[in-house]
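**Q** The structure under discussion is supplied below as structure tokens; questions concerning it will follow.
The values are calculated or read from the model by the stated rules, or taken from the named source; none is laboratory data. Model, not experiment: these values are computed from the prediction. Please note: Cβ atoms are built from the backbone with ideal geometry, for glycine as well, and neighbour counts cover all protein chains shown.
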Amino acid sequence: MAQLQVQDLHLNFGGLTALNGISLSVDSGEIFAIIGPNGAGKTCILNCICRFYHPGQGSVTFEGQEITNFAPHKVARLGIARTFQNIELFQGMTVLDNIKLGAHVHLRSGFFAGGLYWGKARNEEMKLRREVEEQIIDLLEIQAIRKKIVGTLPYGLQKRVELARALAMRPKILLLDEPMAGMNLEETEDMARFILDINEERGVTIVLIEHDMGVVMDISDRIFVLDFGTRIAEGPPEEIQHNEHVINAYLGGSDAAFSKLGL
Amino acid sequence: MPTGLFYTKYQDDEKIFHTLWVKIWMWALLIFLFVCFPFVAYPLSGFFGFSLQHMANMIGIFIIGAHGLNLLTGFTGQISLGHGAFMGVGAYTSAILFMKGGWPFWLSLPAAGLVTAGVGMIFGVPSLRLRGLYLAIATMAAQFIIGYAMRNWTSLTGGSAGLNVDRPSIFGFALDTDLRYYYLILILVIFSTLFLKNLLRTKTGRAMVAIRDRYLSAEIMGVNLFKYRLLAFGISSFYVGVSGGLFAHYNLVVSDEHFTMWLSIQYLAMVIIGGLGHVLGGIFGTIFMVLLPELLRIPTEILSNIYPNIFAIFGTLRELVFGLVIILFLIFEPDGLAARWHTIRAYWKLWPFSY
């Protein structure tokens, strides 16, 4: 059965229809890309899954559990992690603290034990530090900046820290909202490599929103194409590349569209 | 001699005091505060013209409260203009339990903290919806409601005449002099500072700072906003309640005049001048705010001795300079004294070879 299932999602902002009956299902362990022109409603889907937005109609099911009416902080507990299109890090905290905060739902000690820094709370913090260092910071190659305040870091590194923070949530599914936006070629390749590592080594399902068609076509297993809040195509990359609706949606069917889709 | 810090264990990296020298300085400070200060304080008091011991006690009491407000405003990003009144709740609670209820001091003081925490959490409920200026106004309501209760609930609080409070004793040890009370305050200041520092490097504190920096993504990370905002109000009010309890038994009288809006604003000034979001901020800010008016008294007294006819002008001069200093501080060091302290330390770290 699909790990994440979205059924007949409708979302309206006043008179504007942002999502119009979106249904999609993501299988466990795959890389599922959502693409579409600007304003198509890609981020809206993620926001509905994370419970930022309340869809007017439709349901979201994660591992057989309906989460449409969950509070946002409870969704995190299920193992749904996400990154944001515009970086939403805690700017005043260090990289290390940002990542540690990702593990918030996995920590048990209360404020009193924490304030005394005694016994269980201390051990828990040490264990967390070890986990963060050895499984996340090493993987994402951000050792050199671990003590830096996030607000002082360049954009590309901030994106990487945001991925690290999402990883610290020990997610089952990772929703990435334009992880390569604004990056140069090298940074994009690094990020693509990290995403593949996370997917293959940890078996984390990836839902990816991205405008860099080269990356999307290379790494995704399935692609979902959205335009004006409606699904226009869905399938493996090869199929999407040749899909007439997709080409029309992107550049009105001109020759330039073919080059944009990597043909 | 290593030329940097090279840790081989995560435990070492997570310590509060990293190097040997820092530890030596901390021990030196502790020894000074516990052993030397009482000896120094008395002779110096004559020099300054005010009791240094008394000042130290007041600073200690207000440091605990400032830590509380710093946790709420500096670290969780929730402003409060009700902390003066919350301090009053703590003072009255401890005073009433001690004088009327006959509770021992070691019970009435924590009880003051707990009751204040409860009251603070009630007034913290709007924080889920309100932020910034709106929250400031909502907490200001707490100031007025509690102030009204203190004045008019005569049977409990003694009305505007206030309550007389005795100096307490702890486990048979009478805290009847300023010096003895000083030790109690000092121990509580150290404990509250360490508790705050530890809180901030574990789960709860991180969640609070995350709420301050970006509450929406904190929520996505699984932080229950309502719970942690309320918790911040609770812990913060606990601190300020304990500080109020200490104040009551030190001042020997509590009345509503001590806990007005002015005190709330003073508390805010303390954490802003000291440095919002720095543990040291509460300490520096309080020392500054308590000592400055007293130190400004010295030149004004000298001047008014020379020109006795215009004494009144110099009296207001003190207030004027006080306000001016605060304004200048906010312009030139908006991050507070704690940030300046970090700059100075960073400068001396590599001195004289700073490159």
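**Q** When you check A:Glu141 against the structure, is it at the interface with chain B (Cβ under 10 Å from one of its Cβ atoms) and either more than 17 Å from A:Phe90 (Cβ to Cβ) or in contact with a helix residue (DSSP H, G or I) (Cβ under 9 Å, 6 or more places away or on another chain) (or both), yes or no?
**A** no
**Q** Working only within the stretch B:1-25, note down all residues that are within 23 Å of B:Leu200 (Cα to Cα), away from every other protein chain (no Cβ under 14 Å) and outside any helix (DSSP H, G or I).
**A** B:Thr19
Table: residues versus (1) surrounded by fewer than 24 Cβ atoms within 10 Å (Cβ to Cβ); (2) farther than 23 Å from B:Leu291 by Cα.
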residue	(1), (2)
B:Gly65	no, no
B:Gly68	no, no
B:Val89	no, yes
B:Tyr92	no, yes
B:Leu97	yes, yes
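**Q** For A:Leu101, indicate whether it is away from chain B (no Cβ under 13 Å) and either over 22 Å from A:Asn199 (Cβ atoms) or surrounded by fewer than 23 Cβ atoms within 10 Å (Cβ to Cβ) (or both).
**A** no
**Q** Just checking, how many residues over the stretch A:2-51 are assigned to a strand (DSSP E or B) and crowded, with 22+ Cβ neighbours inside 10 Å?
**A** 13
**Q** Among the numbered criteria (1) under 30 Å from A:Asn47 (Cβ atoms); (2) more than 14 Å from chain A (Cβ to nearest Cβ); (3) touching a Lys or Arg at 6+ places or on another chain (Cβ under 7 Å), which single criterion is violated by B:Ala138?
**A** It is condition (3) that B:Ala138 fails.
**Q** Listed residues B:Phe6, B:Phe48, B:Phe39; which is surrounded by fewer than 10 Cβ atoms within 10 Å (Cβ to Cβ), over 23 Å from the mean Cα position of the chain (by Cα) and either modelled with pLDDT of 85 or more or more than 28 Å from A:Arg130 (Cα to Cα) (or both)?
**A** B:Phe39
**Q** Consider the stretch A:58-87. How many of its residues are touching a residue at least 24 places away in the same chain (Cβ under 8 Å) and away from every other protein chain (no Cβ under 14 Å)?
**A** Residues meeting the conditions: 7.
**Q** Has the stretch B:250-269 got at least one residue that is within 14 Å of chain A (Cβ to nearest Cβ), surrounded by 21 or more Cβ atoms within 10 Å (Cβ to Cβ) and touching a helix residue (DSSP H, G or I) at 6+ places or on another chain (Cβ under 8 Å)?
**A** no
Conditions tested, residue by residue: (1) in contact (Cβ under 8 Å) with a residue 12 or more places away in the chain; (2) of a type in the set (Phe, Trp, Tyr); (3) in contact with a His (Cβ under 6 Å, 6 or more places away or on another chain).
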site: B:Ile64; (1), (2), (3): yes, no, no
site: B:Leu69; (1), (2), (3): yes, no, yes
site: B:His83; (1), (2), (3): yes, no, no
site: B:Gly90; (1), (2), (3): yes, no, no
site: B:Ser94; (1), (2), (3): yes, no, no
site: B:Gly102; (1), (2), (3): no, no, no
site: B:Ser108; (1), (2), (3): yes, no, no
site: B:Arg129; (1), (2), (3): no, no, no
site: B:Met140; (1), (2), (3): yes, no, no
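**Q** Let me ask something else. Name the one entry in A:Phe90, A:Phe112 that is within 10 Å of another protein chain (Cβ to nearest Cβ), under 24 Å from B:Gly77 (Cα atoms) and in contact with a helix residue (DSSP H, G or I) (Cβ under 7 Å, 6 or more places away or on another chain).
**A** Exactly one of A:Phe90, A:Phe112 is within 10 Å of another protein chain (Cβ to nearest Cβ), under 24 Å from B:Gly77 (Cα atoms) and in contact with a helix residue (DSSP H, G or I) (Cβ under 7 Å, 6 or more places away or on another chain), namely A:Phe90.
**Q** Among the residues of the stretch B:201-215, is there at least one that is under 19 Å from the mean Cα position of the chain (by Cα), over 21 Å from B:Ser127 (Cα atoms) and among the charged types (D, E, K, R)?
**A** The answer is no; no qualifying residue exists.
**Q** Mind listing whichever residues of the stretch A:115-130 are facing another protein chain (nearest Cβ under 7 Å), surrounded by fewer than 17 Cβ atoms within 10 Å (Cβ to Cβ) and among the hydrophobic types (A, V, I, L, M, F, W, C)?
**A** Scanning the stretch A:115-130 gives a single hit, A:Met126.
**Q** Out of B:Ile283, B:Ile287, B:Ile220, which single residue is within 14 Å of chain A (Cβ to nearest Cβ) and either buried (at least 20 other Cβ atoms within 10 Å of the Cβ) or within 18 Å of B:Gly60 (Cβ to Cβ) (or both)?
**A** B:Ile220
**Q** I would also like to ask the following. Identify the single condition in (1) surrounded by fewer than 18 Cβ atoms within 10 Å (Cβ to Cβ); (2) more than 9 Å from every other protein chain (Cβ to nearest Cβ) that B:Val165 does not satisfy, given that it satisfies every other one.
**A** It fails just one condition, (1).
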